[in-house]
Each structure stands twice: as C-alpha cells, then as structure tokens.
1. Going by alpha carbons, how many degrees (0 to 90, nearest 10) lie between the helix axis of 99-108 and the longest principal axis of the chain?
2. Can you give me the accessible area per residue for segment 23-147, using a 1.4 Å probe, in Å²?
3. For segment 96-189, which GluC sites (Glu not before Pro) are both in a DSSP coil and crowded by at most 10 other Cβ atoms within 10 Å?
4. Whole angstrom only: what separates the Cα centroid of segment 154-189 from the Cα centroid of segment 1-63?
5. Highest first, please rank the peptides 51-58, 26-33 by the mean number of other Cβ atoms sitting within 10 Å of their residues.
6. For segment 47-189, what's the relative contact order in percent, using C-alpha pairs closer than 8 Å and at least 6 residues apart?
7. Here are a few candidate values for Cα Rg over 2.2 N^0.38 Å: [x] 1.20; [y] 1.28; [z] 0.97. Which one was actually calculated from the structure I just gave you?
8. Can you tell me, using C-alpha contacts under 8 Å and at least 6 residues apart, the relative contact order of segment 27-77 as a whole percent?
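The values are calculated or read from the model by the stated rules, or taken from the named source; none is laboratory data. In this text, all values refer to a predicted model and were calculated from it rather than measured experimentally. Quick reminder, even Gly has a Cβ in these numbers, built from the backbone with ideal geometry, and neighbours come from all protein chains shown. All accessible areas refer to the heavy atoms of the entire protein, side chains included, with ligands and DNA or RNA removed. Shrake-Rupley method; radii C 1.70, N 1.55, O 1.52, S 1.80 Å.
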Amino acid sequence: VAYRNNVPQFLRTGLLNAARNLDEPANFVNNFLQGEFEYSFGSLGRFVINSTLGVVGTIDVAQEMGLSRHEEDFGEVLGSYGVGTGPYVMLPALGPNDIRSATGSVVDNFYFPIQNSYFAILMGVSILEARADLVAQEELINNSIDPYSFVRDVYFQNLENDFNNGKVQEKSAEEQEFDDELDAYLDDL
C-alpha cells in the first residue's frame, strides 16, 4: 500500500509498461507454440515498437497503434497440449498456484531478456502492482465463509478464463444434464 500511496501514478505506469514489455518475447514464443501466429507476431511487433519508440518500453506506443497485448504463459502452452493443472497449492508470498502454472513460470523465466538484473527490478514492480490491485479484493476474501476455498475457486476460474482467452466454453451434454438434475432437485426442496 505504501508503494501505491507514495509513488506517482505516471512513474508506476511507466515502470509497469517496461516490465510488461519485457514479457513480450515470452508472449511471442508461447503464442507461437500454441499456433496463435497473429498474436505471436503481434507480441514481437509490440516488443520492437515499445523498446524503440516507447523509450525502453515505458510508454505503450504499440497499444496506441492498435497492437493489443495478448499475454500467454508456458503453463497455457502445456494446457493446450492436454497437460492438466495438477494439485492446487497456496504458497507463502507467492499466493495460489498449481503444478502446470508453476512449471510454466519456471520455463518462462528462461526466455530473453530475463537473464539480467534490470528484469529482476521490473519483476519486483510487477509484483508490487499486483499486490496493490489486490487490496480492494481483500474484503471479499475476508467476508467469505471459507477464504481458502474462495481463493482456490477464483484462481481456477481465472486460470480457465486465461486458457480460453476469455471465451466462454459451452457445457457438454453431460454437464448440462447434471445441472438440470441439480436444479430440479433444488426446486423440490
């Protein structure tokens, strides 16, 4: 919260833009591995434009030019090849995670330009921004009946949303039948 209250918004935005710009090479590779070539080359274009015209990525010039960010991680690549999420774990300081996403994060850390200390500083900025954004959601967690289950369910719903690129998946006939039976049962109560 101190970061959010004491660092001017323009500086926070510039640092976050630079951190996100360093993610673009990983987005390029991960989109490519999923066969999403339009997004892949869009990520490459974003990286080149923002690294040059955007003053080392601090200004998101590519967005203004119509090149939207399409973030992908290696965990999503694994999911596209049929690898399941595995067990859910709540890690101290790192928060909710699953085996597939954790493995994906390790692989993502080997992509260029992660091998330098500049990236470590900007990753810290990303973590601070993510934490600042979660302050508003703490009340939801604290007011839930089971905070652990609530966070787990939200985590997996968000993971599925990311995996499906925000597209709602149709229920299978079996899932729809189960839902109909459950609704009928609940109506009888």
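1. Between helix and principal axis, roughly 10 degrees.
2. Per residue, segment 23-147 has 59 Å² of solvent-accessible surface.
3. Passing both the DSSP loop test and the Cβ count: 170.
4. Rounded to whole Å, the Cα centres lie 34 Å apart.
5. 26-33, 51-58
6. With pairs under 8 Å counted, the relative contact order is 15 percent.
7. Of the listed options [x] 1.20; [y] 1.28; [z] 0.97, [x] comes from this structure.
8. About 41 percent, as a whole number.
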